[in-house]
Amino acid sequence: MAVNPLLYEINTRCLLADLSRQLSRPATLHDISDTEITRWQSLGFSHVWLMGVWPNGERVRQHGLQQPALLKRYHELLPDWSPADVGGSTYGISAYEPDEKIGGRQALIAFRERLQAQGLRLILDFIPNHFGLDHPWVTERPDLLIHSRRKLPGCLPTQHNGKRLWIAHGKDPYFDPWSDTAQIDYRNPAARHEMIKELVKVSSLCDGVRCDMAMLVLNDIFAETWKQMPSSEPPSEKEFWTDAIQRVRQQHPDFIFLAEAYWGREPQLQHLGFDYTYDKPFLDHLAHQEPARLQHHFHRAHADLLKEISFLDNHDEPRIASRLDKPAQRAAALLWLAQPGMKLIYEGQMEGWRAQLPVQLWRRPSEPTDIDLQDYYQQILQLRQTTAVFGGRCRIHKSLPAWSGNPSHQNLFVITWQSLPGKFEVIVVNYAPHRGQCRVRLEPETVGAAKWTLQDRLGNEIHQRTREDLLGDGLYLDLAAWGAQWFQVSSEQLNHPC
């Protein structure tokens with residue numbers, strides 16, 4: 001597995017729609033050029049997540065054309081939209097078989113091989129909680145879904161063996177049901193068995209899965225969510241993920257599991273076998289400009305950070321470019337990149353795109369590229385590949401007051417990375433709209449030499465410091481509003497003025 005992996009999320013349907021307009025014909029995964037894959041590799045990505053490769057059906061598509069809130073959003077994003085642009089939710093799937101619209105199984109296999117040729121690995125979605133309304137289980141195996149023999153409000157009527165049944169829609173306990181889906185019943189051992197078979201099938205097509213809302217199928221959460229529709233089955237003593245992950249890794253030992261997870265259930269999912277879990281609090285504190293809470297979030301066990309997926313954007317969130325102005329975005333981007341663990345970039349994030357698309361919309365508006373922001377991302381991603389930030393030892397330091405009565409140190413974040421003696425990186429970010437100062441004490445084992453040179457990789461500053469400067473009162477740092485610096489600190493003496 002890559003060290004501190006970098007994951008690129010692609011909206012597959014929208015990317016292929018863009019290519020279709022360029023080619024004046026329907027595009028498939030075959031049409032994503034090797035040049036584009038090389039570009040991803042050159043930026044340092046280790047994994048590519050194709051979001052939206054599974055098919056859905058006409059019932060799910062029609063649902064996407066009948067919801068007033070969605071129709072309003074389509075008009076806002078694409079004033080010239082037509083029903084042909086609406087494909088239905090990419091999370092209301094009808095099968096775990098690559099959609100013919102993207103080229104089918106052979107196109108996906110070939111795409112994966114092209115990724116592997118350049119050292120990249122493929123991530124696909126697994127949606128454990130529910131299927132779309134067009135899935136065969138709705139009519140053929142409703143016993144595997146949560147259902148009732150009496151009419152219940154908000155449930156889907158269906159016929160099975162000459163009997164009328166009502167099937168529950170998938171849901172998160174804190175929100176209304178997703179009415180284009182059917183809820184899988186994880187209290188039923190047969191349903192668990194069939195879902196593990198589906199996961200094993202998916203694992204033959206990719207190198208890892210991003211598991212949608214992974215915590216929803218934990219035993220206690222599931223039981224609480226569906227207590228109003230009780231089951232005749234006795235409660236399971238084992239978690240679904242324990243068996244599922246074990247089965248997949250029997251066949252694919254290096255397969256990785258990523259969990260979309262919330263509510264503090266991330267450690268539990270990691271214990272059950274997930275390699276990485278979402279770090280949503282990181283984004284929330286950044287977007288709401290809460291440096292004090294972010295400091296507390298950062299100063300946790302190093303092992304926790306290594307198992308998290310940090311992100312500024314994904315398809316479920318408002319675009320970071322719509323939430324922060326450019327100076328704050330640049331500061332947030334460096335703070336995101338500087339921490340350990342898996343990092344996720346969503347397509348369009350580096351270009352400064354602002355439109356958050358519903359997953360039902362398979363064409364996106366044309367947005368201008370913010371060249372300055374794009375250049376900045378390319379700069380820090382290239383630096384990441386050639387420094388200890390790629391795979392060295394990371395430490396997150398506590399910022400100390402620069403002088404008594406100056407509280408601005410609370411807004412400064414200092415992270416060091418080291419892989420070789422006599423050289424290390426110091427990344428510092430002032431996450432505030434005003435100037436800030438701090439001191440930071442480095443470790444004696446890191447600072448062994450008598451004299452050190454600090455050279456800012458993002459600017460022109462060069463400083464000379466002694467060992468006492470770094471270990472005594474601590475390294476003094478002074479940054480402008482939303483300032484960010486990346487120092488290469490070396491014991492080799494450079495002939496530059498202080």
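Residues of region 43-52 that are within 15 Å of residue 121 (Cα to Cα) and part of a loop (DSSP other than H, G, I, E, B): 43, 44, 45, 46.
Where strands (runs of 3 or more DSSP E) sit wholly within region 305-409, those with at least 2 residues that are not assigned by TED's automatic domain parsing to the domain that holds residue 77 occupy 393-397. Every test in (1) part of a strand (DSSP E or B); (2) outside the structural domain of residue 130 (by TED's automatic domain parsing) is passed by residue 174 save one, and that test is (1).
Being under 26 Å from residue 293 (Cα atoms), touching a residue at least 60 places away in the same chain (Cβ under 8 Å) and part of a strand (DSSP E or B) is a description that applies to residue 486. Looking only at region 147-168, decide whether some residue is surrounded by 21 or more Cβ atoms within 10 Å (Cβ to Cβ), modelled with pLDDT of 95 or more and closer than 22 Å to residue 259 by Cβ. No, region 147-168 has no match at all. Could you list, in sequence order, the residues of region 179-193 that are surrounded by 24 or more Cβ atoms within 10 Å (Cβ to Cβ) and within 20 Å of residue 157 (Cα to Cα)? 180, 181, 182, 183, 184 - these are the residues of region 179-193 that are surrounded by 24 or more Cβ atoms within 10 Å (Cβ to Cβ) and within 20 Å of residue 157 (Cα to Cα). Based on what the data block shows, is residue 384 surrounded by 14 or more Cβ atoms within 10 Å (Cβ to Cβ), charged (D, E, K, R) and farther than 18 Å from residue 456 by Cα? No, not satisfied. Could we say that residue 395 is touching an Asp or Glu at 6+ places or on another chain (Cβ under 8 Å) and closer than 25 Å to residue 288 by Cβ here? For residue 395, the condition - touching an Asp or Glu at 6+ places or on another chain (Cβ under 8 Å) and closer than 25 Å to residue 288 by Cβ - is not met.
Only helices (runs of 4 or more DSSP H) whose full extent lies in region 53-132 are considered here, and the ones with at least 1 residues that are surrounded by fewer than 22 Cβ atoms within 10 Å (Cβ to Cβ) and touching a helix residue (DSSP H, G or I) at 6+ places or on another chain (Cβ under 8 Å) are 68-77, 104-117. There is no residue in region 423-439 that is free of Cβ contacts under 8 Å to residues at least 60 places away in the same chain, in a strand (DSSP E or B), surrounded by fewer than 21 Cβ atoms within 10 Å (Cβ to Cβ) and touching a Cys at 6+ places or on another chain (Cβ under 7 Å). When residues in region 446-477 are screened for being more than 24 Å from residue 372 (Cα to Cα), in a strand (DSSP E or B) and charged (D, E, K, R), 2 of them pass. Comparison of 324, 305 shows that the only residue that is in contact with a strand residue (DSSP E or B) (Cβ under 9 Å, 6 or more places away or on another chain) and either modelled with pLDDT of 95 or more or more than 30 Å from residue 73 (Cα to Cα) (or both) is 305. Is it the case that some residue within region 325-339 is surrounded by fewer than 19 Cβ atoms within 10 Å (Cβ to Cβ) and touching a residue at least 12 places away in the same chain (Cβ under 8 Å)? Yes. If only residues of region 23-42 that are hydroxyl-bearing (Ser, Thr, Tyr) and not in a loop (DSSP other than H, G, I, E, B) are counted, the one that is nearest to residue 116 (Cα to Cα) is 38. Taking the conditions (1) aliphatic (A, V, I, L, M); (2) outside the structural domain of residue 65 (by TED's automatic domain parsing); (3) within 23 Å of residue 240 (Cα to Cα) in turn, residue 123 satisfies each one other than (2). Looking at residue 29, is it exposed (fewer than 13 other Cβ atoms within 10 Å of the Cβ), at pLDDT 95 or above, in contact with a helix residue (DSSP H, G or I) (Cβ under 9 Å, 6 or more places away or on another chain) and not polar (S, T, N, Q)? Considered against the rule, which asks whether it is exposed (fewer than 13 other Cβ atoms within 10 Å of the Cβ), at pLDDT 95 or above, in contact with a helix residue (DSSP H, G or I) (Cβ under 9 Å, 6 or more places away or on another chain) and not polar (S, T, N, Q), residue 29 comes out as no. Would you call residue 260 of a type in the set (Asp, Glu), within 18 Å of residue 217 (Cα to Cα), at pLDDT 95 or above and crowded, with 21+ Cβ neighbours inside 10 Å? For residue 260, the condition - of a type in the set (Asp, Glu), within 18 Å of residue 217 (Cα to Cα), at pLDDT 95 or above and crowded, with 21+ Cβ neighbours inside 10 Å - is not met. Residue pairs whose Cβ atoms lie under 6 Å apart, sitting 6 or more positions apart in sequence or on different chains, and linking a residue in region 93-107 that is in contact (Cβ under 8 Å) with a residue 40 or more places away in the chain to a partner that is among the aliphatic types (A, V, I, L, M) and part of a helix (DSSP H, G or I), are 96/202; 98/108; 102/29; 103/29; 107/29. Pick from region 194-203 the residues that are among the charged types (D, E, K, R) and touching a residue at least 12 places away in the same chain (Cβ under 8 Å): which of them is surrounded by the fewest Cβ atoms within 10 Å (Cβ to Cβ)? Among those that are among the charged types (D, E, K, R) and touching a residue at least 12 places away in the same chain (Cβ under 8 Å), it is 201.
When the test is whether a residue is without any contact (Cβ under 8 Å) to a residue 40 or more places away in the chain and either among the acidic types (Asp, Glu) or in contact with a strand residue (DSSP E or B) (Cβ under 8 Å, 6 or more places away or on another chain) (or both), residue 233 does not pass it.
Among the residues making up region 274-290, those that are surrounded by fewer than 20 Cβ atoms within 10 Å (Cβ to Cβ) and over 14 Å from the mean Cα position of the chain (by Cα) are 285, 287, 288, 289, 290.
The values are calculated or read from the model by the stated rules, or taken from the named source; none is laboratory data. Computed from a predicted structure; not experimentally measured. Reconstructed Cβ throughout: ideal geometry from the backbone, glycine too, with neighbour counts over all protein chains shown.
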